[in-house]
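Okay, structure first, notes after.
The values are calculated or read from the model by the stated rules, or taken from the named source; none is laboratory data. As the structure is a computational prediction, the values presented were derived from the model and not from experiment. We place every Cβ from the backbone using ideal geometry, glycine too, and count neighbours over all the protein chains shown. Quick note on the areas: whole protein, heavy atoms, side chains included, nothing else; ligands and nucleic acids left out. Shrake-Rupley method; radii C 1.70, N 1.55, O 1.52, S 1.80 Å.
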Amino acid sequence: MARWHRLVDEDGPVTTPDDAPPDQEVLRIDAGGWGWTWAADSDGRLHQVGLGLDGAGAAVEVDPVWYPHAHPAWGGPDPFRPPALRITHAEGTTTTRLRLDRVERQALGDDELVTVRTVDELLALRVAFRSRTHRYSGVLEQWIEIDHDEDGPVTLWDYDSIAPAFLVGPEAVVTQFGGAGWADEWAWTTERLTPGTKVLDSLGGIQPHLQRSPVLMLEPNGPAEEAAGDVIGCSIAWGGNTRFALDVRPRANDETRDLRLRAGANPLGAHYVLDPGTTFVTPTVAWTWSTGRGELSDRFHRWTRGRVLRDPDRTRPIVVNNWESTFFDFDEQRIVGLIDRAADVGADLFLLDDGWFGTSSPRDDDTAGLGDWDPDRRKLPEGLPALVDAAAGRGIRFGIWVEPEMVNPDSDLFRAHPDWVIRDRREPREHRNQLALDPLLEEVRDFEVSVVDRVLGGAPGTSYVKWDANRPVTDPGSSALAADRQSNAWVDWVHATWEVMQRIADGHPEVELMLCASGGGRTDHGTLRWFHEFWTSDNTDPVTRVRMQWACGHWFPASAMAAHVTQWGDRPLPFACAVALSGRFGFDLDLEALDDESLAVCRRAVAVARRTQDLVQHGRLVRLVSPVDGDDRGRAALGYTAPDRNRAVVFCFQLDEPSSDPPALVIPGLDPEVTYRIRATDLTSDPVDLGTFTGADLAAGALGWRPRGSTTASILELTTSV
Ligand code: GLA
């Protein structure tokens, strides 16, 4: 039985307590403002000896009698707890006991790659715990790698990427993000943690995040504020099924509770059979411990820009999409008409959505044509080049929709390759009349890459691609895997799909890529690495979008969050435009059908976009009035400030009829000494001058609440030019 000693104090590690084991090591991971400290006991077992905020870089101590195991495996000392790692070994042993082998630290500029190598004390299996810091943001990336030389395959049943332990107060809450599925992404749910294990997972394989985004906010001492309170934020960077598990236990004679958070790929139905000599790599989990929710977002935005998004500093185009205005029903003349109008209102790019392809099985609805990526000459007699030219002739760019991973049974592709689809031995079920191609087949991966190559090659000048995936996996199975490896498919599919995405991104470095899966079904920090942005949700009702974008904006900068003005919800156009302007702005409206007054609103919105999208996309987000928690959920306000604090834009939204007195608008984060001129518009008319205010005035609530009545908005532009 190990005996515990104080392993850290204010000056750092205490390495020589009198009776400390000689092989004791203290390993501190300095994640940038917070840290995680591990130590090995005399048996070589790894324990968490510190975790938390520290300002100066020393680990915060936990109760020494409680030093929990750093990454508990089945067969560890606590038989009452679910493990983070559970393996059946080749000769049948179901327990795993890891002991420290060595620690490797590799400097990466200001950052560090830390690898803690462990070996099973009995069996020839190794687990490496890997951490990559990003001190500029304060977000820590962690994953584990498992390999072995046992006499046959081992089976991994649980393989969480991280399993930190916390002491939490009785008021601890967890916030999850996700609702009823399609068109209900990013619904905000906060609940008190009570004893027991709470599992928050996602399924569906291809678009799991339609159900639940793979991010989680843990507030160990009760709901935090924007600028105060402990907040632990965690994102599973994985394009497949994910799982968070929060195992909460009471502590005797104490009102604190201990909590083990496990996060990683969802192993449900996905146990992994691992051959000797091969390595299993878990998803990366990115997480941070911050003071206040504002800092959580600052950190995730910096990290997403620094480590995830492509071309993070490039301001995204103003996109006009035709999906909501035409669906599958269009021809060249109609599209050229929309391109004309897109250029006329001042957009940068026209995006042609679904329905442009299919020859022997034309894509007139969602029952046919997927897989056959030649233009439908009935609709587009001169193919895509005529549209690229039409756009270029009007000074705007052209983009195209594809869904390379899917096939309709009514297609030439399926008739030629019925064996290319994901299926088990049963007849595969159609979903949206389509089947998913199996990316574990090399010829399928090559085909998917060739889809994009051919579409772009056939329409030179196309500079934007919307990549969709409109069904989940329902009949999991792969002809590429042996009968006893079928459950590996869930993990292998993600890696195979990422390989395809990487090949396409590498092959077309100048083309901007939007990630879409029936809306926000693929919004994870893993898949996003090959993309510039994602389609946040098919739900574009601006009232819902305010709440969705609010939640999503906790994790992703607005440059990634595509937001288009549509007619969903039948809301006033100025309000719909204002909501879209607070994300990556665009339209999905029938611009040809708008009357002059509506066109004037669109033009005004584009003018605001020209002045503010750089701030919205690259500035610092400041959340002012919450539509998802707090006393009055009928209002929302948020702003974006320039790094030098010389400019800002603030969006105020009135979602319902006011039920309480309007709040004063408190705008923190500006330079208190500086005088700002403020111009305001609700988009029904040009901006009006509100006069000048100092940053200190604005932080003290000098500005009143401007929106009046349900579904009105006010956009405030702050500049230092007087
Ligand atoms: C999905 C997308 C939509 C649109 C359609 C086309 O639902 O989320 O934006 O592209 O597919 O079929």
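Which residue, of ALA84, ALA163, ALA107, is among the small types (Gly, Ala, Ser), surrounded by fewer than 20 Cβ atoms within 10 Å (Cβ to Cβ) and out of contact with any helix residue (DSSP H, G or I) (no Cβ under 6 Å at 6 or more places or on another chain)?
Details: ALA84 fails: surrounded by fewer than 20 Cβ atoms within 10 Å (Cβ to Cβ); ALA163 fails: surrounded by fewer than 20 Cβ atoms within 10 Å (Cβ to Cβ).
After ruling out the rest, the residue left standing is ALA107.
Within the range 549-573, can you find the residues that are open to solvent by less than 20 Å² (accessible area, probe 1.4 Å) and of a type outside the set (A, V, I, L, M)?
Taking the range 549-573 and keeping what is open to solvent by less than 20 Å² (accessible area, probe 1.4 Å), we get 549-566.
GLN549, TRP550, CYS552, GLY553, HIS554, TRP555, PHE556, PRO557, SER559, HIS564, THR566, listed by residue number.
Do you know which residues across the range 261-302 are in contact with a Leu (Cβ under 9 Å, 6 or more places away or on another chain) and more than 21 Å from HIS495 (Cβ to Cβ)?
Selection gives LEU261, ARG262, TRP287, THR288, TRP289, SER290, THR291, GLY294, SER297, ASP298, HIS301.
Given the criteria crowded, with 17+ Cβ neighbours inside 10 Å, within 30 Å of GLY553 (Cβ to Cβ), more than 16 Å from the ligand (Cβ to nearest atom) and among the hydrophobic types (A, V, I, L, M, F, W, C), does VAL500 qualify?
Yes: the conditions hold for VAL500.
Among the candidates THR712, THR641, THR719, which residue alone is surrounded by fewer than 17 Cβ atoms within 10 Å (Cβ to Cβ) and modelled with pLDDT of 95 or more? Lay out the reasoning, then the answer.
Details: THR712 fails: surrounded by fewer than 17 Cβ atoms within 10 Å (Cβ to Cβ); THR641 fails: surrounded by fewer than 17 Cβ atoms within 10 Å (Cβ to Cβ).
Result of the check over THR712, THR641, THR719: THR719.
In the range 399-415, how many are more than 16 Å from the ligand (Cβ to nearest atom) and either charged (D, E, K, R) or touching a Ser or Thr at 6+ places or on another chain (Cβ under 8 Å) (or both)?
Count: 2.
For every residue, the table says whether it meets (1) over 30 Å from the mean Cα position of the chain (by Cα); (2) small (Gly, Ala, Ser).
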{"site": "PRO375", "(1), (2)": "yes, no"}
{"site": "PRO385", "(1), (2)": "yes, no"}
{"site": "ALA392", "(1), (2)": "yes, yes"}
{"site": "PRO439", "(1), (2)": "no, no"}
{"site": "VAL444", "(1), (2)": "no, no"}
{"site": "ASP468", "(1), (2)": "no, no"}
{"site": "SER478", "(1), (2)": "no, yes"}
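Identify the single condition in (1) open to solvent by 30 Å² or more (accessible area, probe 1.4 Å); (2) closer than 20 Å to CYS652 by Cβ that HIS618 does not satisfy, given that it satisfies every other one.
Going through (1) open to solvent by 30 Å² or more (accessible area, probe 1.4 Å); (2) closer than 20 Å to CYS652 by Cβ one by one, HIS618 breaks only (2).
Does the range 231-245 hold any residues that are farther than 22 Å from SER297 by Cα and part of a strand (DSSP E or B), and which are they?
ALA245
Tell me, yes or no, whether the range 379-396 has at least one residue that is assigned to a loop (DSSP other than H, G, I, E, B) and either without any contact (Cβ under 8 Å) to a residue 24 or more places away in the chain or among the polar types (S, T, N, Q) (or both). Break it down into steps so the answer makes sense when it comes.
Taking the range 379-396 as the starting set, the residues that turn out to be assigned to a loop (DSSP other than H, G, I, E, B) are 379-382, 394-396.
This time we only want the ones that are either without any contact (Cβ under 8 Å) to a residue 24 or more places away in the chain or among the polar types (S, T, N, Q) (or both), so: none.
No, because not a single residue in the range 379-396 is assigned to a loop (DSSP other than H, G, I, E, B) and either without any contact (Cβ under 8 Å) to a residue 24 or more places away in the chain or among the polar types (S, T, N, Q) (or both).
Testing ILE206 on (1) open to solvent by 10 Å² or more (accessible area, probe 1.4 Å); (2) not in a loop (DSSP other than H, G, I, E, B), one condition comes back false. Which one is that?
Tallying (1) open to solvent by 10 Å² or more (accessible area, probe 1.4 Å); (2) not in a loop (DSSP other than H, G, I, E, B), ILE206 fails exactly one: (2).
Which pairs turn up if I take residues in the range 232-259 that are polar (S, T, N, Q) and look for partners that are modelled with pLDDT under 90 and buried (at least 20 other Cβ atoms within 10 Å of the Cβ) with beta carbon separation below 6 Å, at least 6 apart in sequence or on another chain?
Sorted first by the residue in the range 232-259, then by its partner, the list stays empty.
Quick one: count up the residues across the range 470-489 that are within 30 Å of ALA368 (Cβ to Cβ), crowded, with 19+ Cβ neighbours inside 10 Å and touching a strand residue (DSSP E or B) at 6+ places or on another chain (Cβ under 8 Å).
4
If I ask for residues that are farther than 16 Å from THR523 by Cα and basic (Lys, Arg), which ones from the range 229-267 would you list?
Selection gives ARG249, ARG251, ARG257, ARG260, ARG262.
Would you please name the residue that is nearest to VAL565 (Cα to Cα), looking only at residues in the range 504-540 that are in a loop (DSSP other than H, G, I, E, B), open to solvent by 10 Å² or more (accessible area, probe 1.4 Å) and more than 14 Å from the ligand (Cβ to nearest atom)? Steps first, answer last, please.
Our first condition is that a residue be in a loop (DSSP other than H, G, I, E, B); within the range 504-540, this holds for 508-511, 516, 518-519, 521-526, 531-532, 536-540.
After this cut, where a residue has to be open to solvent by 10 Å² or more (accessible area, probe 1.4 Å) as well, the list is 508-511, 518, 522, 538-539.
Okay, now just the ones that are also more than 14 Å from the ligand (Cβ to nearest atom), so 508-511.
Numbers: HIS508: 28, PRO509: 28, GLU510: 26, VAL511: 23 Å.
So, considering only residues that are in a loop (DSSP other than H, G, I, E, B), open to solvent by 10 Å² or more (accessible area, probe 1.4 Å) and more than 14 Å from the ligand (Cβ to nearest atom), the one nearest to VAL565 (Cα to Cα) is VAL511.
Condition check: at pLDDT 50 or above and not hydroxyl-bearing (Ser, Thr, Tyr). Does LEU53 satisfy that? Give the steps one after another, and end with the answer.
Working: at pLDDT 50 or above: yes; not hydroxyl-bearing (Ser, Thr, Tyr): yes.
Answer is yes for this residue.
When residues of the range 682-722 are filtered for being closer than 24 Å to GLY583 by Cβ and aliphatic (A, V, I, L, M), how many remain? If you could, list the steps in order and put the result at the bottom.
So in the range 682-722, the residues closer than 24 Å to GLY583 by Cβ come out as 682-687, 698, 703, 705-719.
Filter once more, keeping what is aliphatic (A, V, I, L, M): 683, 698, 703, 713, 715-716, 718.
Counting residues in the range 682-722 that are closer than 24 Å to GLY583 by Cβ and aliphatic (A, V, I, L, M) gives 7.
Mind listing whichever residues of the range 360-407 are of a type in the set (Val, Ile, Thr) and out of contact with any Leu (no Cβ under 8 Å at 6 or more places or on another chain)? If you could, list the steps in order and put the result at the bottom.
Here is the first cut: in the range 360-407, the ones of a type in the set (Val, Ile, Thr) are 367, 388, 396, 400, 402, 407.
Result: THR367, VAL388, VAL402.
Consider the range 76-92. How many of its residues are within 16 Å of PRO153 (Cβ to Cβ) and not small (Gly, Ala, Ser)?
Going through the range 76-92, the residues within 16 Å of PRO153 (Cβ to Cβ) turn out to be 86-92.
Cutting the leftovers down to not small (Gly, Ala, Ser) gives us 86-89, 91.
Residues in the range 76-92 being within 16 Å of PRO153 (Cβ to Cβ) and not small (Gly, Ala, Ser): 5 in total.
Looking for something under 22 Å from ALA416 (Cα atoms) and more than 16 Å from the ligand (Cβ to nearest atom) - is there at least one such residue anywhere in the range 352-372? Reasoning before the result, please.
So in the range 352-372, the residues under 22 Å from ALA416 (Cα atoms) come out as 355-372.
Narrowing the set further to residues that are more than 16 Å from the ligand (Cβ to nearest atom) leaves 359-360.
Yes; the residues of the range 352-372 include at least one that is under 22 Å from ALA416 (Cα atoms) and more than 16 Å from the ligand (Cβ to nearest atom).
Suppose we filter the range 145-198 for residues that are closer than 26 Å to THR544 by Cβ, of a type in the set (S, T, N, Q) and in a loop (DSSP other than H, G, I, E, B); how many remain?
Of the residues in that region, 0 qualify.
Could you please find all residues in the range 327-346 being open to solvent by 10 Å² or more (accessible area, probe 1.4 Å) and either within 16 Å of the ligand (Cβ to nearest atom) or out of contact with any helix residue (DSSP H, G or I) (no Cβ under 6 Å at 6 or more places or on another chain) (or both)?
Result: PHE327, PHE328, ASP329, PHE330, ASP331, GLU332, GLN333, ARG334, ASP340, ALA343, ASP344.
Please tell me if PHE414 is of a type in the set (Phe, Trp, Tyr) and farther than 20 Å from ILE504 by Cβ.
Values: of a type in the set (Phe, Trp, Tyr): yes; farther than 20 Å from ILE504 by Cβ: yes.
In short, yes.
Would you tally the residues in the range 395-425 being modelled with pLDDT of 95 or more, surrounded by fewer than 16 Cβ atoms within 10 Å (Cβ to Cβ) and not acidic (Asp, Glu)?
Final tally of qualifying residues: 4.
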